[in-house]
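Below is one structure; the comments refer to it alone.
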Amino acid sequence: CFHALASSPYGAPGARLKVESSANTYFQVGAYDGYPYQDDGTEFELNRQEGALLYFELGYRLNQGKDDPGLPGNFKLGAFYHTGDFPDVQSVFNASIGAGAVTYYPNTYGLYFLVDQTLYREAAKADPAQQGLVGFFRLTGAPPDRNLTEFSIDGGLVYKGLIPTRDYD
């Protein structure tokens with residue numbers, strides 16, 4: 001299973017290094033263009049205004065070995081650090097009503113905790129499509145002065161292979 005780190009809705013060129021310390025644990029770091037171009041995704045530019053987006057993640061895999069009897073899951077603890085310039089949220093509002101200029105911070109950062117767990121499997125563990133129901137839960141946090149979202153909690157369900165003959169959808 002591939003675990004990418006970029007969270008932008010646009011593709012961004014970058015690099016990722018993953019070190020697996022055991023069959024169940026890993027650490028990975030990724031570096032991406034801090035402001036992905038919204039064209040063909042092939043341009044890469046690092047500068048002070050756009051910066052670089054760095055991710056760090058420590059993960060634990062549950063029941064993913066060939067002989068593990070339980071349903072598979074993942075626990076992930078991560079952080080991001082963006083080196084670009086970010087406007088102070090309050091100063092943007094104040095400037096929009098003519099009450100001052102926009103001020104900037106030299107970076108932003110945040111933390112996340114993610115759990116995903118298979119809840120139901122349609123077929124045996126050896127099924128290459130891994131059809132079934134997976135639930136996920138995520139907590140995130142970032143400084144409120146330069147991010148529109150300070151804290152979030154979300155979760156959901158994903159069913160793979162719901163439509164007959166479409167095992168990988």
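For this structure, a couple of remarks:
- Net lengthening on full extension, V158/D127 (0.36 nm per residue, minus Cα-Cα): 9.5 nm
- Of the chymotrypsin sites (Phe, Trp or Tyr not before Pro) in region 106-169, the ones in a loop by DSSP (not H, G, I, E or B) with at most 11 other beta carbons within 10 Å are Y168.
- For trypsin sites (Lys or Arg not before Pro), the sites in region 63-169 that DSSP calls loop and that have at most 10 other Cβ atoms within 10 Å are K66.
- Mean Cα-pair separation over length for region 62-124, i.e. relative contact order, pairs under 8 Å, 6 or more apart, %: 40 percent
- Descending Cα extents along the principal axes, region 85-164, whole Å: 62, 23, 18
- Backbone amide hydrogens, once placed in the peptide plane, bring L62 within less than 5 Å of G73, N74, F75, excluding anything fewer than 5 places away on its chain.
- Note, ³J(HN,Hα) from phi for region 135-148, Karplus 6.51, -1.76, 1.60, rounded to Hz, x at Gly and Pro: x, 9, 9, 9, 10, 9, x, 7, x, x, 6, 10, 10, 6
Read the figures in this text as sums done on the coordinates, not as results from a lab. Quantities reported herein were computed from a predicted structural model and do not represent experimental measurements. Here the Cβ is made from the backbone with ideal geometry for all residues, glycine too, and neighbour counts use every protein chain on show.
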